[in-house]
Amino acid sequence: MSRRQKKKEFVRDIVLQRIDRLFEEAFIEFPANAQRSDRYVELVQKLATKHRVPLRKTYKMRFCRSCGAFFVYGANARVRIKDKRTVITCLRCHDMRRY
């Protein structure tokens, strides 16, 4: 393996760890300060795009792609199952995502 490829994998691992940590912090911070949770999601999106790291499906389902709100199901997001698909509705901007 070349030195450049090793460095790329090392950076990718660090980015994935940071994304995990930011989502944990967003969940912990939500009851006290929802704006800070939204900021953590914004940082996750920037990290993923900058380093070309695809987000896992579970992470994609945890925030609104149109307004950037961190989802806590029942508090600011509605989850329904329709025709074997999960439909998540953001209660802030009323955007719907189907998974």
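The values are calculated or read from the model by the stated rules, or taken from the named source; none is laboratory data. Remember, predicted model here, so these are calculated numbers, not experimental data. Because the Cβ atoms are built from the backbone with ideal geometry, glycine has one as well, and the counts that use them run over all protein chains shown.
Out of V15, V53, V44, one residue alone is closer than 18 Å to F70 by Cβ, out of contact with any Gly (no Cβ under 6 Å at 6 or more places or on another chain) and not small (G, A, S). It is V44. A single member of F71, F63 is at pLDDT 95 or above, out of contact with any helix residue (DSSP H, G or I) (no Cβ under 7 Å at 6 or more places or on another chain), under 17 Å from Y99 (Cβ atoms) and surrounded by 15 or more Cβ atoms within 10 Å (Cβ to Cβ), and it is F71. The criterion of at least 3 residues that are without any contact (Cβ under 8 Å) to a residue 40 or more places away in the chain and over 12 Å from the mean Cα position of the chain (by Cα) is met by the following helices (runs of 4 or more DSSP H) wholly inside segment 1-97: 3-29, 34-50.
With the checklist (1) closer than 18 Å to L16 by Cα; (2) in contact with a strand residue (DSSP E or B) (Cβ under 9 Å, 6 or more places away or on another chain); (3) surrounded by fewer than 13 Cβ atoms within 10 Å (Cβ to Cβ); (4) of a type in the set (K, R) in hand, flag the one item K50 doesn't pass. Every condition holds for K50 apart from (2). Report, by residue number, each residue of segment 87-99 that is closer than 27 Å to Q17 by Cβ and either surrounded by 14 or more Cβ atoms within 10 Å (Cβ to Cβ) or at pLDDT 95 or above (or both). Hits for segment 87-99 are I88, R97.
For Q5, the conditions (1) polar (S, T, N, Q); (2) surrounded by 13 or more Cβ atoms within 10 Å (Cβ to Cβ); (3) modelled with pLDDT under 95 all hold with the exception of (2).
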